[in-house]
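K.L.:
This structure is in structure tokens; I'll ask about it shortly.
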4 protein chains.
Amino acid sequence: MKNTFGQSLAVTLFGESHGEAVGAVIDGLAPGVPVDKKEIEKLLSKRRPSSALDTARRENDEFSILSGVFEGRTTGTPLCIVIKNTNTKSGDYTYGPARPSHADYAARVKYHGNEDYRGGGHFSGRITAALVAAGGILLPALERKGIIIGTHISQCGNAKDRDFDNVMGDIITLKNADFPVLDESAKGRISDEILRAKNNLDSVGGATQTAIYGLPAGLGEPFFDSVESVLSHALFGIGGIKGVEFGLGFGFARANGSQANDPIRVDNGRVFTETNNNGGINGGITNGMPVVFRCAVKPTPSIAKEQKTVDFIKNENTSITAGGRHDPAIIRRICPVIDSVAAIAVCDLLAQRFGTDYLAGEEPVCSSV
Amino acid sequence: MKNTFGQSLAVTLFGESHGEAVGAVIDGLAPGVPVDKKEIEKLLSKRRPSSALDTARRENDEFSILSGVFEGRTTGTPLCIVIKNTNTKSGDYTYGPARPSHADYAARVKYHGNEDYRGGGHFSGRITAALVAAGGILLPALERKGIIIGTHISQCGNAKDRDFDNVMGDIITLKNADFPVLDESAKGRISDEILRAKNNLDSVGGATQTAIYGLPAGLGEPFFDSVESVLSHALFGIGGIKGVEFGLGFGFARANGSQANDPIRVDNGRVFTETNNNGGINGGITNGMPVVFRCAVKPTPSIAKEQKTVDFIKNENTSITAGGRHDPAIIRRICPVIDSVAAIAVCDLLAQRFGTDYLAGEEPVCSSV
Amino acid sequence: MKNTFGQSLAVTLFGESHGEAVGAVIDGLAPGVPVDKKEIEKLLSKRRPSSALDTARRENDEFSILSGVFEGRTTGTPLCIVIKNTNTKSGDYTYGPARPSHADYAARVKYHGNEDYRGGGHFSGRITAALVAAGGILLPALERKGIIIGTHISQCGNAKDRDFDNVMGDIITLKNADFPVLDESAKGRISDEILRAKNNLDSVGGATQTAIYGLPAGLGEPFFDSVESVLSHALFGIGGIKGVEFGLGFGFARANGSQANDPIRVDNGRVFTETNNNGGINGGITNGMPVVFRCAVKPTPSIAKEQKTVDFIKNENTSITAGGRHDPAIIRRICPVIDSVAAIAVCDLLAQRFGTDYLAGEEPVCSSV
Amino acid sequence: MKNTFGQSLAVTLFGESHGEAVGAVIDGLAPGVPVDKKEIEKLLSKRRPSSALDTARRENDEFSILSGVFEGRTTGTPLCIVIKNTNTKSGDYTYGPARPSHADYAARVKYHGNEDYRGGGHFSGRITAALVAAGGILLPALERKGIIIGTHISQCGNAKDRDFDNVMGDIITLKNADFPVLDESAKGRISDEILRAKNNLDSVGGATQTAIYGLPAGLGEPFFDSVESVLSHALFGIGGIKGVEFGLGFGFARANGSQANDPIRVDNGRVFTETNNNGGINGGITNGMPVVFRCAVKPTPSIAKEQKTVDFIKNENTSITAGGRHDPAIIRRICPVIDSVAAIAVCDLLAQRFGTDYLAGEEPVCSSV
């Protein structure tokens, strides 16, 4: 469905980097879910460029909710949230040479030159602000049901953070962290990698690790709507993500079954596995353990170094040096985007399984009905 | 949509390992596409267990096409293909202890004990025979349009094959190979890994690499229906796949933009990139280069070694040793499944972009209309 | 989705009139639903031609369930049911002249001459046997939740039946009737209309009225998935249906609000409306009253009278007299098809609203989980 | 998909009557389609209340396009159009007694009292302004491809307009008419019916007839996505529509096949039918004749007469007299809404059949690609 994701709870995205606004419509959200603008602001601030590690573009992500919220709660009808674009310097962009590793050339073939090319248009990371705004509503709603989600930078260049260990505690740590790592010392190592890239007029990639804690067992479908299918579908919608793996992921390639299988135990009626190599999913269905996955994030394509490309107006080879303002790495800013996208997918899975009221979680106003 | 995948071309799966049959309905396939039963048989034979490297279960995958084909060509209406289950030894299976790393426990929570537990039921790899049957129709249809797909074993345990190099030539090599590797010497190394696992009453995982050659630029959507989203959604439907990465994938994590970006060139009007680190996809849209991706495949969960688990009838801890007949590795047999699933996703992307007649590719019978 | 209907519970149809079989895949059906082959047979028998009022084609609708049922109950995974075609006389059909009011010409343009033209191929009423087989599973499942559905012949030519009055009682009457009318005397009048058409080498149209009793209030969506939208979408999939109206329907055109509005009352906590002109739906949402709708059914296109048409092989005007075996009216046989299609739509609405377990309705086998 | 309609071209609606704004996101629209704000304004003005026949609520439907248009043409990425609500008098509405024949009670059960009840909230006819805004973009796009759509008031109370006759000419007449009727004299008769209802503190229903001229043959699908299914699904999304019939519709009930079948002819290679009783659709597929359908529209539920209802706060019987500002009939204002909804459905059918570029219709800017 192109720019719409989800079946029972669906999110539709719109907007371009240098257009009037970006936004999202959330449909199928349960009625009566509290919406707190401060939660949305807080999550947006985590995505916002804020230091020398990020692009120089600054905007305060002023948003408004056009529909779907009444007296501080969701109505159950479509919620449209709009974020204005303010700090747009279109003069930085010209149509012609395609920026390597960006969508420019592919978009030109698809849209025949009608695409808004300024700042990547609809392909810009700017659009992910709308996803994060949606996350600012859905993540607190999930939390009220005991489901929490956290993402940390697992790797950036050669710097690495430790993996999730005590999942619940680690997610809470991330929620309060100013820099999304589990091992505090990783912040310095990662920052160094990013600054080194910046100083080299270059960029650097990374990887994230995400955990979803508190999901009930029994979500997802055996075939095409496996939990892995649904999550990866949503995650690969985020520009720059080029790999998704669950549990051991590519580490399974060299593993034996006897090591990789997760032993199942029961204790006082509670079922769990001693290890979680499967990342909380068996046969496409959640098994009640935390869902854990990693995303590979490619280096920001825009770099200040000269690169070979083609000028599509003149149809000849040329070179390009990125103008505009760019991040030397998006690995920090992508973390709240991944949390938000995971929240969308999880809310959809829950609504499919348990119906549209699952997140309502409050005494209905009209209890007699 | 649970067991249905695709929007303009959709495939619906059904069947259980030890039920009467497995099968697929293909809907939205262009009219006039030749259907050759020998092509279907040939692809099914590539998935079939055939040597000491595979399970001892043998069936000849006798199939019948119930609808959608008339006088050797597709009608354009739903095509249902059914494969009988014959060699089913249900006595090997009992309900109770969940097999670790299998869907047993998750399925039990989801289906409340009504699931067909024999041989994994609907979660069994047996169902992928229906995907391969669909592939036997779609892959030749794509080939007639110049689009070819090939998958090789990239890794198994510690043994590795080389990567795709001359993509078109490599895919043709794979089409004719009895063992899906690019470097002939890899066959021995990989076989050794599998036999070692088998002799240890164990299993071993692996990774595959797939290339799709000949796709036009401009397929896919910027956000939720990126080519990565659509392909990964379908691929993660295959049991045992726990990771999907495009191009450099997780290798991007330590890369710099200046190395990872693919320089764009034009030569005699033909646009290409000098490298293909992005795996043929930018911003979610094909760029005309081969689409290249890897899948991580976990070790077969069923092993003859004893494993800790829970008996859900008695609700107490116990241990289990896999009965039944099992593959020490599925990495060889999964290759035609991945080709088939990729074909389904690609056919859907093409139909979305160019309409329902794209694959027809033949002079219409009724040209005057 | 072409031949698939439904979001949370979906039905996919396949088959042609003179092909090997027709069938349906039901996906998303709750686990643990009892499946009684006698119920399926009974409903199929209601659709079957049985007297001088119907076509001379006779088949006993031998069916088999290929998947999704285990030990007499649904597993929760896709259920595929297949009905063999046996009594096929393909010699009656030739390709060339399009039968007026049939799909022949439209299909030829769509499928470029690749369609299976014998007996209407995939457009044949024969495919509705698969819908009725699905109904044979879903209607009893709904009944166990207190939701019952019945359809009677409202009109045929100039003969009319009375409208629903005591809805629950009327539906039970229909369940046991050999001819689907509410006023017993209507049977003779309607039979006369059909026999008169038959004797004139002609056919005759009709209208049906359906009631769904026991639906909870609060199903459906304000906009595009209104209950009317969902039901009409499914109903217009049945060949020959050319109109759908809810409650007063086209009778609203001459009504005033003061007469047409349904006064709302509460009695001992039970909310109801004094009249049901809105047919149980307000603003697209069920209000707890019976859902009542009418369908317009066109006369069988195939008649033994000569008709003007075009021969598309020769591309010239010609005339045609229907060969084959045809119904002078399908109004009786369409009633169980409408019941079945309504059941599919209702099951989907319930699954969307309350989740995938709604119809399970039985103590789960594995209650400890 | 709740508030989203369409597969290849999809429209998502949002907004409430007394919220900040109503709007729509159009996704899947071809790139390069000219967008003329004057066309949008013109269509919106046809829906706007303008005389004593309409509600006293007046707003000028100030709209802004937030995304998807660049330099006067569509980009091919999601187009979001927003219409501000200005003239909102919320004081007219109180929560408690449900207005008969409105969605109030059904909504309360569905949303548990969280719904925005002011002016009907998301159920208000106000939301149809967003559909008309979408129509203001899609209808001119279709026109450029030779496809035109027009709707007239067929009936209102006892007053009737003539049916479509010369379809192309009639649609052009309607395009320029200030009152949507084909027979000029019908305007007076219909106005009288509306004023009579108004003077009686009452409202009156009606019926519309719509024609779509210029559709190619071969659109739609045999089963669940028949053209009737797709159109009716969209049309029944409009509040107040309670019946949809194609061609003869319910008139088929008393017809014989020999009269109702449309004789097919060919003349200089052009295929047509002598009559169009099937309304341009056979077997769910367009046959190249105009698609013609009627909609039944119920009387406006809000009337100034006292009506019996229930107070859901007190849970007791009471009565209500509509406050607020209401239309004595919506039959005139619904015409551009139906045109717009038909345009959405038709654009989706075309995109499914011919791919996403069908409406682009202009020389691509980047023709070398």
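K.L.:
Would you call C:R73 over 17 Å from the mean Cα position of the chain (by Cα), at pLDDT 95 or above, of a type outside the set (S, T, Y) and open to solvent by 40 Å² or more (accessible area, probe 1.4 Å)?
P.N.:
It is true that C:R73 is over 17 Å from the mean Cα position of the chain (by Cα), at pLDDT 95 or above, of a type outside the set (S, T, Y) and open to solvent by 40 Å² or more (accessible area, probe 1.4 Å).
K.L.:
Between residues in the range C:173-185 that are part of a loop (DSSP other than H, G, I, E, B) and residues that are crowded, with 16+ Cβ neighbours inside 10 Å and basic (K, R), which pairs lie under 7 Å by C-beta distance while being six or more apart or on different chains?
P.N.:
Hits for this filter: C:F179/C:K187; C:F179/C:R332; C:P180/C:R332; C:V181/C:K187.
K.L.:
Please tell me if C:P299 is open to solvent by 10 Å² or more (accessible area, probe 1.4 Å) and either facing another protein chain (nearest Cβ under 10 Å) or at pLDDT 95 or above (or both).
P.N.:
No.
K.L.:
Are any residues in the range C:122-156 in contact (Cβ under 8 Å) with a residue 40 or more places away in the chain and among the charged types (D, E, K, R), and if so, which ones?
P.N.:
C:R126, C:R144, C:K145
K.L.:
While we're here: In the range A:184-215, what count of residues is obtained for those that are surrounded by fewer than 18 Cβ atoms within 10 Å (Cβ to Cβ) and in contact with a helix residue (DSSP H, G or I) (Cβ under 9 Å, 6 or more places away or on another chain)?
P.N.:
Looking only at that region, the number is 2.
K.L.:
Okay, moving on. Filter the range A:101-119 for residues that are part of a loop (DSSP other than H, G, I, E, B), crowded, with 24+ Cβ neighbours inside 10 Å and of a type in the set (G, A, S); which is nearest to the other protein chains (Cβ to nearest Cβ)?
P.N.:
A:A103
K.L.:
Yes or no: the range C:91-100 includes at least one residue that is surrounded by 15 or more Cβ atoms within 10 Å (Cβ to Cβ), of a type in the set (F, W, Y) and closer than 23 Å to B:V25 by Cα.
P.N.:
Scanning the range C:91-100 turns up no residue that is surrounded by 15 or more Cβ atoms within 10 Å (Cβ to Cβ), of a type in the set (F, W, Y) and closer than 23 Å to B:V25 by Cα.
K.L.:
How many residues are of a type in the set (A, V, I, L, M) and under 20 Å from the mean Cα position of the chain (by Cα) if we restrict to the range A:36-70?
P.N.:
4
K.L.:
Can you tell me which condition D:K242 does not meet? The list is (1) under 27 Å from C:G15 (Cβ atoms); (2) at the interface with chain C (Cβ under 8 Å from one of its Cβ atoms); (3) of a type outside the set (F, W, Y), and all the others hold.
P.N.:
(1)
Every residue, every condition in (1) among the aromatic types (F, W, Y); (2) assigned to a helix (DSSP H, G or I); (3) in contact with a Gly (Cβ under 9 Å, 6 or more places away or on another chain), yes or no:
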position: B:A217; (1), (2), (3): no, no, yes
position: B:D225; (1), (2), (3): no, no, yes
position: B:V230; (1), (2), (3): no, yes, yes
position: B:H233; (1), (2), (3): no, yes, no
position: B:A253; (1), (2), (3): no, yes, yes
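K.L.:
Could you check A:H122 against (1) surrounded by fewer than 23 Cβ atoms within 10 Å (Cβ to Cβ); (2) within 8 Å of another protein chain (Cβ to nearest Cβ); (3) at pLDDT below 95; (4) under 23 Å from the mean Cα position of the chain (by Cα) and say which number it fails?
P.N.:
In the conditions (1) surrounded by fewer than 23 Cβ atoms within 10 Å (Cβ to Cβ); (2) within 8 Å of another protein chain (Cβ to nearest Cβ); (3) at pLDDT below 95; (4) under 23 Å from the mean Cα position of the chain (by Cα), A:H122 misses (1) alone.
K.L.:
Give just the number: which of (1) open to solvent by less than 10 Å² (accessible area, probe 1.4 Å); (2) within 16 Å of C:A207 (Cβ to Cβ) does D:G247 not satisfy?
P.N.:
Every condition holds for D:G247 apart from (1).
K.L.:
Could you list, in sequence order, the residues of the range C:198-230 that are under 25 Å from C:N166 (Cα atoms) and facing chain D (nearest Cβ under 7 Å)?
P.N.:
Selection gives C:G206, C:A207, C:A217, C:G218, C:E228.
K.L.:
Here is a further query. Among the residues of the range B:264-272, is any more than 7 Å from every other protein chain (Cβ to nearest Cβ) and acidic (D, E)?
P.N.:
Yes: one or more hits.
K.L.:
Among the residues of the range B:1-17, write down those that are more than 7 Å from every other protein chain (Cβ to nearest Cβ) and open to solvent by less than 10 Å² (accessible area, probe 1.4 Å).
P.N.:
Across the range B:1-17, the qualifying residues are B:L9, B:V11, B:S17.
Residue-by-condition table, conditions (1) within 23 Å of D:H102 (Cα to Cα); (2) among the hydrophobic types (A, V, I, L, M, F, W, C); (3) touching a residue at least 12 places away in the same chain (Cβ under 8 Å):
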position: D:N278; (1), (2), (3): no, no, yes
position: D:P290; (1), (2), (3): no, no, yes
position: D:V297; (1), (2), (3): yes, yes, yes
position: D:Q307; (1), (2), (3): yes, no, yes
position: D:T321; (1), (2), (3): yes, no, yes
position: D:I330; (1), (2), (3): yes, yes, yes
position: D:I334; (1), (2), (3): yes, yes, yes
position: D:L349; (1), (2), (3): no, yes, yes
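K.L.:
Got a number for residues in the range D:144-172 being closer than 25 Å to D:P49 by Cα, open to solvent by less than 80 Å² (accessible area, probe 1.4 Å) and in a helix (DSSP H, G or I)?
P.N.:
Qualifying residue count for the region: 2.
K.L.:
Looking only at the range B:273-292, which residues are touching a Pro at 6+ places or on another chain (Cβ under 8 Å) and more than 10 Å from chain A (Cβ to nearest Cβ)?
P.N.:
Result: B:N276, single match.
K.L.:
Can you pull out every residue in the range A:33-70 that is in contact with a Pro (Cβ under 8 Å, 6 or more places away or on another chain) and open to solvent by 50 Å² or more (accessible area, probe 1.4 Å)?
P.N.:
Across the range A:33-70, the qualifying residues are A:D36, A:E39, A:K46, A:A56, A:R58.
K.L.:
Determine which member of the set D:D183, D:D161 is closer than 30 Å to D:D36 by Cβ and out of contact with any Pro (no Cβ under 8 Å at 6 or more places or on another chain).
P.N.:
Just one listed residue meets the conditions, D:D161.
K.L.:
Being closer than 27 Å to D:L235 by Cβ and at the interface with chain D (Cβ under 8 Å from one of its Cβ atoms) narrows it down to one residue among C:N261, C:N317; which is it?
P.N.:
C:N261
K.L.:
Right, another one. Tally the residues that are open to solvent by 10 Å² or more (accessible area, probe 1.4 Å) and touching a strand residue (DSSP E or B) at 6+ places or on another chain (Cβ under 6 Å), restricting the search to the range C:18-27.
P.N.:
2
K.L.:
Could you check the range A:323-345 and list, in sequence order, the residues that are aliphatic (A, V, I, L, M) and open to solvent by 30 Å² or more (accessible area, probe 1.4 Å)?
P.N.:
Across the range A:323-345, the qualifying residue is only A:I330.
K.L.:
Looking only at the range D:231-244, count how many residues are open to solvent by 10 Å² or more (accessible area, probe 1.4 Å) and among the hydrophobic types (A, V, I, L, M, F, W, C).
P.N.:
The number of residues fulfilling the criteria is 0.
K.L.:
Follow-up. Only one of (1) more than 30 Å from B:L174 (Cβ to Cβ); (2) modelled with pLDDT of 95 or more; (3) within 14 Å of chain A (Cβ to nearest Cβ) is not met by B:T128, so which one is it?
P.N.:
(1)
K.L.:
Could you count how many residues in the range C:302-313 are among the polar types (S, T, N, Q) and either at the interface with chain D (Cβ under 7 Å from one of its Cβ atoms) or closer than 11 Å to C:G247 by Cβ (or both)?
P.N.:
2
K.L.:
Same structure, new question: Picking from B:L29, B:L53, which residue would you name as being outside any strand (DSSP E or B) and more than 14 Å from every other protein chain (Cβ to nearest Cβ)?
P.N.:
B:L53
The values are calculated or read from the model by the stated rules, or taken from the named source; none is laboratory data. Everything numeric in this text was worked out from a predicted model, so none of it was measured. Glycine gets a Cβ as well: all are built from the backbone with ideal geometry, and neighbour counts include every protein chain shown. For accessibility, only protein heavy atoms count, side chains too; no ligands or nucleic acids. Shrake-Rupley method; radii C 1.70, N 1.55, O 1.52, S 1.80 Å.
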